[in-house]
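Quick note: the coordinates plus some simple rules give every number you see, no bench work behind them. All of these numbers come straight from a predicted model, not from anything done at the bench. We place every Cβ from the backbone using ideal geometry, glycine too, and count neighbours over all the protein chains shown.
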Amino acid sequence: MSTVREVTYQLLRDLGMTRIFGNPGSTELPFLRDMPADFQYVLGLHERAAAGMALGYSMGKGQAVFVNLHSIASTGNGLSAVVDAWHSHVPLVITTGQQDRRHILGNPFLVSRAVETVKPYVKWAYEPLRAEDVPAAIARASYLAVQPPMGPVFISIPMDDWTHECQPVAVRAVKPAAAPDSAALDEVVRALDASRNPALVVGAQIEEDGGWHEVVALAEHLNADVYQQPIPPRWTFPRSHRLFCGGLLPAQQPLADQLARYDTVVVLGAPLFLYYAYVPGDTIKPGTALFQITNSPADAAAALAGTGIVGNVGVAAKYIRTHAKARQRATAAQTLPLQPTAAYPITPAYLFSILNKVMPRNVVIAEECPSSKGDLDRHLILDEPGSFYSVPNGVLGFGLPAAVGLQMAHTDRRVVCPIGDGSIQYSIQALWTAVQHKVPVIVIVLRNGDYSALKSFCDFTQVGRNVAGMDIPGIDMVKIAQGYGVAAREVDRPEELEPAFREAFASPEPRLISVNVAKGGQTCMGMDQSVNPPRYR
């Protein structure tokens, strides 16, 4: 009979999870020893980086990914990445070691209560009662992780379990439910047919459900204006499309004002609505027919208004398109943003305009530069599916490891990570992994020497600027990157930007470009509509 360890490795093969992301500790050594040759271990020097790279790889591949962390210590260090996976609906199968079963009762060093720690942010957290249940628990977790809405799962495994005897575990198919209720969708169809001026709001779940092309086809069928959900973790509609009107603002009254001229609004694959600062007002103008189609029962239940419909967003978009009447109307010509000037110091707007000029059209952006979101949104034009990923919950540390994982998944595309000089510090260890695995990610650090997003939010909330901890001088990003083995350079003058970007895209290795940018600028998260207006019309 095989051991738990042998059965688990065969199970992971059968599930297609032969790339393991992790950071090892003493309680994981019995599993990691003599790893089979057909497996690859991706080491992160910090658990936030390890789990964050797994998250990026999972989003890029669209499949469950195996993560192996160390007991409660590693779970705590990597918890922010687990929270990212929870909010982004990413199917990570996370395992950690537990102390030896034979003396857990005595509370030995490194005994773990990780199952209790992670429960709010995983779909299932479990420590098997018997050693021989470990492979079956991992299989069950993997099936659950990919059910909509997808998300992370967690298994704690005592270190002595791996040598026990165990029966093989056969992989089986567990098909996800797909179609939303047709009678509920018929109600949406009737409202659209009766509408004089409908609008669509697109959200990240469109890509989770493989619905990009169906949603574009629906928008064109209806000739409806399209808005991006507030603070989007993904972009799910072509930015240069004639129907795209920009992003919604993350506050009640400003958002309601943006949608005030529409009599029917259909939200596809997003919460209704995600707010940031408290600006009281209506969720939607009274009398507007409001529908939310989501793969998340929790999002449907949490909505403050409208009719919620739960099911696959792509399937719903196709149903509505094939049942609703086609609409004809003239659309206004696109008004592209003014091209920023080559000022000194370099502005984020100019940086992103040059990046947009140089980057290939199938580029993938994984960003974490909260104080420059408005400029990034205005000047980066992305029209391909799977092209944009951003912080899903405001917890810093997402961007760099996600970019490394995405680049591992997308060997045929180039991944670029625009990131603040403050944000990159939270998971900077991912640079080392990029070098070790020859991952050609391009990291662009917007270096302004402070927490500009916080300063802007101080202004927006009228707190004032007399707040401690707003400045971060004395960080040399080039030397830090070079210390991890990354080829890096500093850019200070606007005329240096384009050559630096072109050099990075021509390189087959990871590159870091530290750009000195102007301080201050935008209001955080585009909260001031005059700073971050809809990009078109």
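Of note:
- Using the Cβ of ASP34 as centre and a radius below 15 Å, the other residues enclosed give a net charge of -1, where K and R count +1 and D and E count -1.
- With 5 Å bins beginning at zero, the pair-distance distribution over Cα atoms of the stretch 182-323 amounts to 2, 11, 22, 27, 23, 12, 3, 0 %.
- Cα principal axis extents for the stretch 348-526, largest first, Å: 47, 36, 34
- 3J(HN,Hα) along the stretch 476-491: 9, 5, 5, 5, 4, 4, 5, x, 8, x, 8, 5, 9, 8, 9, 10 Hz, from the Karplus curve 6.51 cos²θ - 1.76 cosθ + 1.60 with θ = phi - 60°, whole Hz, x for Gly and Pro.
- Over the chain: helical MRE at 222 nm, DSSP H runs n ≥ 4 each giving -39500 (n - 2.57), nearest 500: -9500 deg cm²/dmol
- Surface/4 estimate of mean projected area, convex hull on alpha-carbon atoms of the stretch 1-90, nm²: 6.0 nm²
- Taking θ as phi - 60° and the Karplus parameters 6.51, -1.76 and 1.60, the scalar couplings of the stretch 374-386 work out to x, 5, 4, 5, 6, 10, 9, 9, 10, 10, 9, x, x Hz in sequence order, x denoting glycine and proline.
- Across the chain, the relative contact order, built from alpha-carbon pairs under 8 Å that are at least six residues apart, equals 15 percent.
- At R0 = 25 Å, FRET efficiency that the Cβ-Cβ distance of ALA183 and THR322 yields, to 0.05: 0.95
- Shape class of the chain from the alpha-carbon gyration tensor: oblate, with a/c at 1.5 or above and b/c at least as large as a/b.
- Couplings 3J(HN,Hα) for the stretch 424-433, derived from phi with the Karplus relation 6.51 cos²θ - 1.76 cosθ + 1.60 (θ = phi - 60°), are 5, 5, 6, 8, 5, 4, 5, 4, 4, 5 Hz, where x marks Gly and Pro.
- 15 Å beta-carbon shell around THR283, net charge (K/R +1, D/E -1): -2
- Estimated inter-spin distance, LEU338 and ASP383, nm [label 7 Å along Cα→Cβ]: 2.6 nm
- Local net charge near ALA194, Cβ-Cβ under 12 Å (Lys/Arg +1, Asp/Glu -1): +1
- For ALA305, residues with placed amide H under 5 Å, excluding near neighbours: none
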